[in-house]
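The values are calculated or read from the model by the stated rules, or taken from the named source; none is laboratory data. From a predicted model like this one, the values you see are computed outputs, not experimental measurements. Neighbour counts run over all protein chains shown; Cβ positions are idealised from the backbone, glycine included.
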Amino acid sequence: MCIVVQADSAVISLGEFKIAPVCLREEARHAFERSVWTNREPITPRQRVRLGIDTITTLRNIMLKKINVNQLIVGMYLHEVCGSWMENPFWKSGFIITDPKEIQKILASSISDVWIDNAKGFDISSGESVADEPGSAQDEKPEALPQTKTVSVADELERAAQICAKSKRAVMAMFQEARMGAAVNTADAQKLVEDISDSINRSPNALISLARLKSADDYTYMHSVAVCALMVALSKCLHLDKAQTRSAGIAGLLHDLGKAVIPLEILGKPGKLTDEEFTVIKTHPKEGHQLLLSSSGVDDIALDVVLHHHEKTDGSGFPEGLKDSEITLYAKIGAICDVYDAITSNRPYKAGWDPSESLRKMAEWTHGHFDPKIFQAFVKSLGIYPIGSLVRLSSGRLGIVIEQSEHSLLQPSIKVFYSTYANVRIPPEIIDLSRKSCKEKIVGREDPAIWNFPDLNEIWSGLKGY
Ligand SMILES: [Fe+2]
């Protein structure tokens, strides 16, 4: 029996029991939480009774109930869905079901069981059985990544770095042409997207992870390369065909071309933009669209993504304020990839966020901003802990994700390099969490800004100068 503490949602899981601490008597709860935080040994039912929880029957009455989705009724408090958070159609939990449509949403998803809190909402009828009796909780099956790789990230990085450099030069040339008022030559873009696509076929995450690393100076150009790679990977994950995937990649490479005509003092301003400056920035989709209309050989998908990659599903985006059904698949793909790269990259006014934390934040914004299904596919294409994410393992060691597992989104390979117990660097060691013999697991993300390891990118990439 293992103990898992999930502090952010205030749920304590004891393997076979899930208990909402708020339901316990206050002093017992504190004792209970202290014991969980400080005890490395499993807490037995006897210990739970000693901690002030009167009887196991009491415990069972206050614990959360796992029920089948077909047992859901309006008025129940949905505490948590079982399975990956990516399958959660609400991207949230902890609310009372007030509308039958919410139940329909769950029934239409792949979720089979949920946890309800009968202290906060309706219980199941007496006589109905819960999905799993306490003590028979099943391990959730690990999810498989949709892609297969032929070479490791480490083996592809060198080649990916060359493709990134070549792509950046091509994007710079296109921006230069646009600034000069010349028609933009997009012929090179086709070949570059082929190279990027081939790299992603060999190793789905190498080039994507590398393209995230950029200096504030070359942000605009490398952002185009990164969004191109992310759009190719996501298109593959969505099973788009080769021609559609190539079009999506070209659209990614060109999506911000309109920034070529935005004054550099606004584009590279190392501080918060004024309202007037932001109004100027917001013209870049239309400017880019106009530039490409006067260039030859640009397909409709690229034109659409250039114009609509800042639209949001709730209609609050720009330039046209389109709503969900009015935004195309490609523009929705572009919007997700654009935001992910923007928030994970170093900018003149802020350091990039950790990749895993960025996905968590984007999941919070999904409602109203992104298409949830496409965002789920995006997370599957990168992993819940994308390469370069800083994580803490159950042993207390810190490590960085260096490779995804083909078997589970939750069990990547980690290069550990720091002991939080001794507060010292330790000799780097690679641990494959998906190996059956591995006892370690990820217990949480860590904020790189707090730890401030200067060589974090070098640790996972092995490349100097990043
Ligand atoms: Fe943009």
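Name every residue in region 230-273 that is closer than 23 Å to Pro372 by Cβ and more than 16 Å from the ligand (Cβ to nearest atom), in order of residue number.
Here is the first cut: in region 230-273, the residues closer than 23 Å to Pro372 by Cβ are 230-240, 244-245, 248, 251-252, 255.
Selection gives Val232, Ala233, Leu234, Ser235, Lys236, Cys237, Leu238, His239, Leu240, Gln244, Thr245.
The criterion of being at pLDDT below 90 and away from the ligand (no atom under 14 Å from the Cβ) holds for Gly181. Being away from the ligand (no atom under 14 Å from the Cβ) and aromatic (Phe, Trp, Tyr): is that true of Tyr340 here? No, not satisfied. Any chance region 185-194 includes a residue that's more than 21 Å from Leu238 (Cα to Cα), modelled with pLDDT under 90 and among the hydrophobic types (A, V, I, L, M, F, W, C)? Yes, the conditions are met somewhere in region 185-194. None of Leu303, Leu307, Leu292 is in contact (Cβ under 8 Å) with a residue 60 or more places away in the chain, assigned to a helix (DSSP H, G or I) and within 16 Å of the ligand (Cβ to nearest atom) except Leu292. Please verify whether Gly315 is more than 14 Å from the ligand (Cβ to nearest atom), without any contact (Cβ under 8 Å) to a residue 60 or more places away in the chain and within 19 Å of Met362 (Cα to Cα), treating the condition exactly as stated. Yes; evaluated as a whole, the condition is true for this residue. Condition check for Tyr340 on (1) within 13 Å of His308 (Cβ to Cβ); (2) under 14 Å from the mean Cα position of the chain (by Cα); (3) buried (at least 22 other Cβ atoms within 10 Å of the Cβ): one failure, at (1).
Residue-wise test of (1) in contact with a Leu (Cβ under 7 Å, 6 or more places away or on another chain); (2) outside the structural domain of Asn201 (by TED's automatic domain parsing); (3) within 28 Å of Asn201 (Cβ to Cβ).
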{"position": "Gly334", "(1), (2), (3)": "no, no, yes"}
{"position": "Asp338", "(1), (2), (3)": "no, no, yes"}
{"position": "Ile343", "(1), (2), (3)": "no, no, yes"}
{"position": "Arg347", "(1), (2), (3)": "no, no, no"}
{"position": "Glu357", "(1), (2), (3)": "no, no, no"}
{"position": "Asp371", "(1), (2), (3)": "no, no, yes"}
{"position": "Phe375", "(1), (2), (3)": "no, no, yes"}
{"position": "Gly396", "(1), (2), (3)": "no, yes, no"}
{"position": "Leu409", "(1), (2), (3)": "yes, yes, yes"}
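Only one of the listed residues (Leu234, Leu207, Leu254) is touching a residue at least 40 places away in the same chain (Cβ under 8 Å), assigned by TED's automatic domain parsing to the domain that holds Leu359, under 30 Å from Met180 (Cα atoms) and crowded, with 20+ Cβ neighbours inside 10 Å. That residue is Leu254.
The helices (runs of 4 or more DSSP H) located wholly in region 367-466 that include 1 or more residues which are more than 14 Å from the chain's Cα centre (by Cα), surrounded by fewer than 16 Cβ atoms within 10 Å (Cβ to Cβ) and in contact (Cβ under 8 Å) with a residue 40 or more places away in the chain occupy 448-451.
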